[in-house]
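To start, the structure itself, in structure tokens.
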Amino acid sequence: MSAAPGPAPAPLDGVRVVELGDESAEYCGRMLAGLGADVVRVEPPEGSPSRQAGPFLGDEPGPDRSLAFWADNVGKRSVVADDDAEVRALCAAADVVVHTLRPAEAAARGLAYEDLAAAAPGLVVCALTPFGQSGPWADYVADDLVLMALGGSMAACGYAPGPDGYDTPPLACLEDQAWRTAATYAAIAVLGALLWRDGTEGTGQFIDVSAHECSASMTEWHLMTYLCSGAVHKRGPHPTLTGSDGRLVAALTPDFLGPHVFARMLEMLEADGVAGPLSDPAFADPAHRAANYREVWRALKRLAERHDAEALYRLGQGAGLPWGVIRSPDEVLGDPHLAARGHFVELEHEQHGRAAPYPGAPFLALASPWVCRRRPPLLGEHTHEVRAEWLGA
Amino acid sequence: MALDGVRILDFTRLGFGAQATLICGCLGAEVVRVESTTRPDPIRVMPPYVPEPGEQGEGFGAATLANAASAVNANRGGIFYKYNTGGKRSITVDARHPKGLALLKDLVAVSDVVTESFAAGTLERWGLGYEAMRAVREDVVYVSMCGFGHSGPDAAHVTMGPTAQALTGLTFLVGLPDRPPAGWSFSYLDHVGGYLGAVAILAGLHHRRRTGEGQHIDVSQLEPATALSGALLLDAALNGRPARRPGFPTGNRRQHPPSAPGGAYRASGDDRWVAISCRTEAQWQALVGTMGSPPWAADPRFATVADRAANADDLDPLIEAWTSARDRYEVMDALQAVGVPAGAVQDAADRLERDPQLAARGHFTTMANAEVPPLPLEGVPVHMSATPPHTGGRIRRAPPLLGEDTEAVLGELLGLGAGEVAALAAEGVLS
């Protein structure tokens, strides 16, 4: 491999992105910044709504202390603009605009695609809204919970029913998974539109992302199950084992992948002396095993009692089983594998005199590495700088 | 289409990798799946099975379970049809046969991108590692998608979606307070990993356009997920507030900013629910008005959103007493009419048969191949004005039968005639 002098270039170096509107598209800009784009979060004087949301550093509210803002705005610059003429000028100087405005608001502010494209024909404009630009629900309102409900994830998540049916509600994962999926699709579409623009001498376009549609397409095999069998997937957790320390391990036993799966599991159980009846050759027969799967689980529980969850996870993996210890989001920081891959990065927040850890590269691209160039911006920190660079003002 | 002129030689299997090439196919890339007849992609042969055309009743809801013979038919595995839209074509080549390996190298030489989702080291063992690819195609963008990635102390570990969800904190975040996590009952991270696989492919193409340089991009199923938990990592690291604490996670209740009422409430019918989420005073007042302004709504316990959040255990049963006598869509429409975020908890049947928005947006594209009946399929759920994605990809076609395109692809891309292809098949190279 040829060694290039200086830091490797990032794929979107020099690409200017304006991000406008509420917090629902901030994850998109975060991703584009990681790919090297110059992402400018254009904010009203009071700041993005996520600056008002907690949790806050030291539980002390303030626009520059919101950890919710920090998490999704790492790598960006911040410009305060309360004048739509200035917002339009910034858009005209950009390659990409990502916004969350409804059609009526965009039109009223002179920020509709037609307005923006008239000033800058090569502009790629992406609107991320709850239900998209058209359709009977286009004016409906939603937060992430509502999107997870309508999209189908929620119906499929929750606790198993009791003897009299379900006694707990369907559950939606915390931390805005529908918005994040939609924001990721927005980033994908922007990347595709930029490739096409570069290959067609600068033709821009409008991208319409509906978070509802994105949320509706992430439930794996559920639609196919219904199409194939008429059955609807019901909610209930995946199997887990409880280690000797009381912590849980997600413990799939994917027998469907072939006879080697059970063979290696049996070796693991026998090595620990807990295989019991599973050593009976009859268990090598999948039909017998399926009819007596309770014995498999009994043996796995005997194994689990003898090891803490971390050790149990590693025992299962040693036998080729796709097991994983159930970690909380912050416990992931201590994962030795991710640490060895250099995943988390520390960024200095000099105004608070401390560094903060951020998830870094979502993949390892040696020739064009993911970049974490800036801590999240203070409100309006780059207003003058960006005006000078982009507008010559 | 956005990816006109991009050819992907695709060795991915199962969901995670196939999601990435599905996206690129829907955006216009030409995707050639390389498969094996002796080791078919597991999702081609595992249930649920697509019924025979004749087994179909009045609409798919009435379809019967396919017969057992379908289990060994590699074209009937239902999950395959979720992950292999995008106009992917299928060829079968035995990579372990010297002539098969030579064919694959010839195909790499005419491809822009190579994707795979095997265990680390598998392609090297075939003689088709990154260095071998570069020898025939200097600027190839090689994207591997493997559970733990190709480096690091646990690179030999294996994942399925639920494994990665457990390890990255996503399982933990689905649950009621002070109970074990309920987690996800499906592989959310097969999708997310695939989305980032698509981002990696697109980033690699941008880099190549600028520099002429290819590269190996190593995608795991873990790193794409770590930023999905928002501020929780920072809250723990900076405020000393670990997520594993009493009362957390909070079920359906949102904290930042608080939403109250906020959650899934029982509606009429068997296990039917409607989600409602009020963050503003205006939304609360609109909800109260829609409920007919019951006297309890004026209780000081519910005066502000902070009060309602603090007394949610008292408030939620009162909301549910109102919703539980009503149809979930009626509740949704009545509340949406006055600006309150509300939505029916929909399952797959609802999305397909009752959701007017998905229908109006053309979310599903109905396509068939020679062995399965017309199926409503999904692709890339974004709308692009100049380069519209298509669920059938550039060739507007349903997911492929196993090996359906072997002869056509070898002819088109390598110039092999029918006789040469037949000879290779007779030698067992194309299996």
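The values are calculated or read from the model by the stated rules, or taken from the named source; none is laboratory data. Predicted model, so just to flag it, every value in this text is computed and none were measured. When we count neighbours, we look across all protein chains shown, and the Cβ atoms used for this are built from the backbone with ideal geometry, even at glycine.
Computed values, structure above
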quantity: Any strands (runs of 3 or more DSSP E) falling wholly within region A:300-389 and containing at least 1 residues that are more than 22 Å from B:Gln221 (Cα to Cα); calculated: A:344-349, A:354-359
quantity: Residue match in region A:337-346 (condition: within 12 Å of another protein chain (Cβ to nearest Cβ), in contact (Cβ under 8 Å) with a residue 24 or more places away in the chain and surrounded by fewer than 18 Cβ atoms within 10 Å (Cβ to Cβ)); calculated: yes
quantity: The lone exception for A:Gln133 - which of (1) within 21 Å of A:Pro49 (Cβ to Cβ); (2) within 24 Å of the chain's Cα centre (by Cα) it fails; calculated: (1)
quantity: Residue among B:Leu196, B:Leu228 that alone is closer than 17 Å to B:Ser144 by Cα and either of a type in the set (A, V, I, L, M, F, W, C) or surrounded by fewer than 24 Cβ atoms within 10 Å (Cβ to Cβ) (or both); calculated: B:Leu196
quantity: Qualifying residues in region A:24-58 (those that are touching a residue at least 40 places away in the same chain (Cβ under 8 Å) and on the phi > 0 side of the Ramachandran plot) - the one surrounded by the most Cβ atoms within 10 Å (Cβ to Cβ); calculated: A:Gly36
quantity: Hits in region B:140-159 - residues which are surrounded by 24 or more Cβ atoms within 10 Å (Cβ to Cβ) and within 7 Å of chain A (Cβ to nearest Cβ); calculated: B:Phe148, B:Gly149, B:His157, B:Thr159
quantity: The lone exception for B:Ala342 - which of (1) in contact with a helix residue (DSSP H, G or I) (Cβ under 7 Å, 6 or more places away or on another chain); (2) of a type in the set (Gly, Ala, Ser); (3) surrounded by 15 or more Cβ atoms within 10 Å (Cβ to Cβ); (4) free of Cβ contacts under 8 Å to residues at least 60 places away in the same chain it fails; calculated: (4)
quantity: Failed condition for A:Asp198, given (1) over 30 Å from A:Arg298 (Cβ atoms); (2) more than 7 Å from chain B (Cβ to nearest Cβ); (3) surrounded by fewer than 20 Cβ atoms within 10 Å (Cβ to Cβ); calculated: (2)
quantity: Filter result (touching a residue at least 12 places away in the same chain (Cβ under 8 Å) and under 27 Å from B:Phe248 (Cα atoms)) within region A:307-328; calculated: A:His307, A:Asp308, A:Ala309, A:Glu310, A:Ala311, A:Leu312, A:Tyr313, A:Pro322, A:Trp323, A:Gly324, A:Val325, A:Ile326
quantity: Region B:207-225: number of residues that are closer than 26 Å to A:Asp13 by Cβ, crowded, with 23+ Cβ neighbours inside 10 Å, in contact with a Leu (Cβ under 9 Å, 6 or more places away or on another chain) and facing chain A (nearest Cβ under 7 Å); calculated: 6
quantity: Options A:Ala71, A:Ala104: the member that is assigned to a helix (DSSP H, G or I) and surrounded by fewer than 17 Cβ atoms within 10 Å (Cβ to Cβ); calculated: A:Ala104
quantity: So A:Ala182, is it farther than 18 Å from A:Ala216 by Cα and either at pLDDT 95 or above or out of contact with any Cys (no Cβ under 9 Å at 6 or more places or on another chain) (or both); calculated: no
quantity: Where a residue in region B:405-431 is over 20 Å from B:Asn369 (Cβ atoms) and its partner, wherever it lies, is of a type in the set (Lys, Arg), with Cβ under 7 Å and at least six apart; calculated: B:Leu424/B:Lys99; B:Glu427/B:Lys99; B:Val429/B:Lys99
quantity: Residue in region A:217-235 that is at pLDDT 95 or above, more than 7 Å from chain B (Cβ to nearest Cβ) and either buried (at least 24 other Cβ atoms within 10 Å of the Cβ) or closer than 27 Å to B:Ser185 by Cβ (or both) present; calculated: no
quantity: Odd one out for B:Asp270 among (1) away from chain A (no Cβ under 12 Å); (2) surrounded by fewer than 14 Cβ atoms within 10 Å (Cβ to Cβ); calculated: (1)
quantity: Residues being surrounded by fewer than 15 Cβ atoms within 10 Å (Cβ to Cβ) and either more than 9 Å from chain A (Cβ to nearest Cβ) or not in a helix (DSSP H, G or I) (or both) - total across region B:354-377; calculated: 6
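Residues are listed down the side, and each one gets a yes or a no for (1) among the acidic types (Asp, Glu); (2) within 12 Å of chain B (Cβ to nearest Cβ); (3) out of contact with any Asp or Glu (no Cβ under 6 Å at 6 or more places or on another chain):
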{"residue": "A:Trp70", "(1), (2), (3)": "no, yes, yes"}
{"residue": "A:Val74", "(1), (2), (3)": "no, yes, yes"}
{"residue": "A:Ala85", "(1), (2), (3)": "no, no, yes"}
{"residue": "A:Ala89", "(1), (2), (3)": "no, no, yes"}
{"residue": "A:Ala92", "(1), (2), (3)": "no, no, yes"}
{"residue": "A:His99", "(1), (2), (3)": "no, no, yes"}
{"residue": "A:Arg109", "(1), (2), (3)": "no, no, no"}
{"residue": "A:Ala117", "(1), (2), (3)": "no, yes, yes"}
{"residue": "A:Gly122", "(1), (2), (3)": "no, yes, yes"}
